[in-house]
Every structure is written in C-alpha cells, then in structure tokens.
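Notes follow once the structure below has been shown.
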Amino acid sequence: MDAVDGQLSGIACASLPGGSLNGRIALVQRGTCTFVVKGQTVAAAGAVGMVLYNSDDPAVSNSGEQLFNPSMAQASVPALILRRSDGLALKSFIAANSDPPVVGQMRAAPAGTPPFAGTATPDRLTSFSSRGPTPDLRIKPDLATVGADSYAPCQDDSVSGENRFAAPDPRRGASTIYNASGFEFAAGTSFSAPRTAGAVALVKQKHPGWTPALLKAALTETAARPSDSGRIGPERVMSRGSGVIDLAAAATVESLVLPTSATFGRVTTETAPFALSRSLTLTNQSSATVTYTVAAHASAGDAAVVPTVEPSTITLGPGENGTLFLRVTVNAAVAAVEVDSEGFLSVSDGRMTIPEILYVPYWIRTAPLTAAEPYLRAINLRGK
C-alpha cells in the first residue's frame with residue numbers, strides 16, 4: 001500500500017479507501033502519527049496485518065537502520081517493524097510483483113523467476129535419517145517429515161560462510177550453505193526438526209489447552225504412510241516411526257491415545273508360551289459422544305508373536321477417557337533366533353473425531369536365552 005515513500009497513503013495516518021486492503025498485509029512507513037493510529041487505519045481498509053518500516057527522519061529516535069520495540073498493545077492488527085533498508089527493499093519487490101496492484105500505484109511487470117525443483121523422490125527415507133531403537137529399546141523415531149531438498153533462506157553475503165570468522169572460532173572449517181540468491185536446497189535433520197516444531201505450533205494454536213503429550217499424539221497418530229513401492233510406508237517402525245506428518249489430519253483429530261506407542265523391549269523365550277500387556281488411555285477431546293472400534297495388527301516379524309486388544313469397541317462421552325489393554329502373546333513356536341516383531345493398534349470412529357484411523361505402533365524383540373544370561377540375572381538380583 002506504500003505507493004511513494006513519504007506519501008500520506010504510505011504513512012497510513014489518514015483514511016484509505018474502504019476494502020482496498022481486504023485480506024492483505026499493509027506495508028507502512030513510520031512517522032507523523034502513532035502506531036495505534038496506523039493499525040486502525042489499515043484495519044479499517046480491511047488489512048489483516050501490518051509491517052512497519054523505519055523512517056529516515058533524524059529528528060526521530062531510533063530512525064533509519066535502528067530496530068526497536070514499538071508499543072503495539074492497542075494496535076488493531078498484528079504488526080512488526082523492519083529496518084528502513086529492508087522496508088524499502090520489500091516495497092520495491094511488492095511494486096514489481098503485486099497482483100492486483102498496490103494501493104495508489106500502477107502494477108509493474110513482474111520479474112521472471114525460474115522454477116526450482118528438488119531431485120529427491122518424495123516420501124523416501126534419507127540415508128542420514130535417525131534409526132531406532134533407543135539404547136533402552138524404545139521406539140524411535142516418533143515420526144518423519146521433509147529433510148531433503150529443503151528450499152530455504154541461506155547466507156548470501158560470503159561464500160566462506162561461518163569460515164569467514166578468524167580462528168580460534170570453534171566453527172572454523174565447518175561446512176556452509178551459500179547462494180547469491182539468498183535461497184538454496186539443503187538437507188538434514190536441521191530442516192525437518194523446525195518443520196515439526198511449526199506443525200506442533202499450529203496444532204497448539206487450534207487447541208491451546210492441549211498438553212505436550214496430546215500435541216505429540218495428534219501428529220504421530222494421524223501420520224501418513226504412503227505405501228507405493230520404495231516409499232516410507234513399508235519401512236519398519238524403527239526407521240520411519242509412525243509415518244510422515246499429515247498436518248491436515250493432525251488439525252482435525254479430536255480423539256487420541258496415550259502413550260503414542262508401546263514397547264515391550266527384549267524378552268527371552270525359554271518360558272514360551274507367555275503373554276505381555278500394556279495399558280493405554282483413549283481420550284475423547286470432542287464435544288460429542290463417540291463409539292470407537294479398536295483392533296490390533298501384526299505387520300512384521302515372527303508369526304508366533306500375536307497381538308490382541310481389549311475392548312474391541314468402546315463408547316466415551318465428551319471429555320471422557322477409557323483404558324485399552326494391548327496384549328502380545330509369544331507362542332511356543334517362536335523362532336530360536338533373535339527377531340524384532342512389530343505392529344500397531346488402530347482406532348476408528350467413522351470419521352466423527354478421527355480423520356481415518358489412529359495409528360499406535362508396538363515393538364518387541366524376542367530372543368533365546370543365552371548361556372550367560374542366567375548368571376547375569378543372578379548378579380543383578382544380588383545387586384538389588
């Protein structure tokens with residue numbers, strides 16, 4: 001909306017045409033009137049946010065390239081402030097690429113931008129992706145998301161990157177990501193982790209009262225598992241966790257299971273047949289009474305390791321919790337070698353509060369008793 005630097009339409013101290021900023025974020029120069037007035041002006045024209053950039057008036061404190069924390073407590077729209085040079089650069093970009101044109105200014109021809117495309121096949125695990133189990137034999141990772149061919153801002157001021165700092169900087173000699181355009185493709189868990197954090201933040205925004213455990217469950221239990229050949233779906237749970245983040249599903253789910261997985265660890269099989277069990281809590285976070293169907297599925301490992309769950313159906317009122325009992329039976333036909341077996345619980349409700357199913361994986365490692373284990377167990381018992 002800032003047509004010419006210093007013009008009244010760019011200062012936003014006088015009224016603007018009604019509806020001229022509907023659904024837009026207004027770029028506004030600092031000066032003449034208060035930040036609150038500027039916010040009220042752009043809000044009245046339909047703006048949903050405001051980006052302020054600094055003025056060049058030397059009589060104004062913290063002008064030009066200075067950043068400061070303005071008082072925006074009574075502003076009518078969300079707002080932030082930029083250095084003057086950044087604001088002018090943003091204004092030039094808007095002028096060249098706006099469609100429809102900015103308020104009070106003819107639209108310039110947009111600059112051509114070549115398309116960018118990554119080379120990695122979607123939904124495949126990278127070589128550097130973490131694999132489980134943890135040292136204490138719990139399921140990890142919990143889930144997966146994009147970590148390869150991530151197109152993101154990067155350094156554009158020096159090809160040396162961190163290495164431009166003089167020794168003894170501890171990062172001297174480190175790898176760097178540089179592109180003169182300011183954007184580059186890169187790969188690493190440093191890119192998947194913030195995507196996950198952002199997904200959690202969005203679910204938290206929708207459900208501000210949810211605990212960290214519920215937020216985690218919303219992402220892991222609604223994750224996608226693309227089943228095409230070579231994709232992440234057929235991977236084992238210790239490679240892909242519950243699957244790939246499906247934010248649309250996580251944003252709509254209102255029933256969840258805690259904890260989000262069940263691990264039975266390593267068990268020796270000399271006393272087979274025997275059964276192990278875990279209890280889980282199904283919670284109805286919706287405002288409706290819901291009837292759920294629950295089932296246990298084996299997906300990989302020893303066929304003599306069989307999961308079951310009780311109850312197979314359960315009805316919960318709004319805000320109510322119920323208990324599910326997962327039982328894994330190790331039958332006498334279990335293999336005489338070490339085998340990792342896994343599967344999952346599925347919970348569905350006809351799409352009332354669950355987009356498709358809740359997916360809750362389990363994992364167990366069965367192994368024959370070794371010659372040393374009775375001796376080691378005796379030592380442990382005496383130590384206790």
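Observations
- Region 219-267 - convex hull of alpha carbons, volume per residue in Å³: 84 Å³
- q = 0.13, 0.21, 0.24 Å⁻¹: log10 I(q)/I(0) that the Debye formula gives for region 12-61, counting C-alpha atoms only: -0.28, -0.66, -0.82
- One Cα centroid belongs to region 319-375, the other to region 190-223; the line between them spans 24 Å.
- Maximal additional length on extending the Thr281-Leu80 stretch stands at 68.1 nm, based on 0.36 nm per residue less the C-alpha distance.
- Cβ-derived FRET efficiency at R0 25 Å, Asn321 paired with Arg195, nearest 0.05: 0.25
- Summed residue charge, Cβ within 11 Å of Ile354's Cβ, Lys/Arg positive, Asp/Glu negative: -3
- Packing, as the average of other Cβ atoms within 10 Å across residues, places the peptides 34-42, 319-327 in the order 34-42, 319-327, highest first.
- For Thr176 and Asp136, the difference between the fully extended length at 0.36 nm per residue and the C-alpha to C-alpha distance is 10.9 nm.
- Listed peptides 283-289, 256-262 by packing density, highest first (mean Cβ within 10 Å): 256-262, 283-289
- Region 236-293: Cα Rg divided by the 2.2 N^0.38 Å rule of thumb: 1.58
- Gyration tensor verdict on region 220-365 (Cα atoms; rounded if a/c is under 1.5, prolate if a/b is larger than b/c, oblate otherwise): oblate
- Label-zone membership for region 270-284, site Ala332, 7 angstrom Cα→C-beta point, backbone N under 17 Å: 270-275
Read-outs: derived from the displayed coordinates by stated rules, not from any lab. Treat the numbers as computed from the prediction; the structure is a model and nothing was measured. Ideal geometry is used to build each Cβ from the backbone, glycine not excepted, and the neighbour counts take in all protein chains shown.
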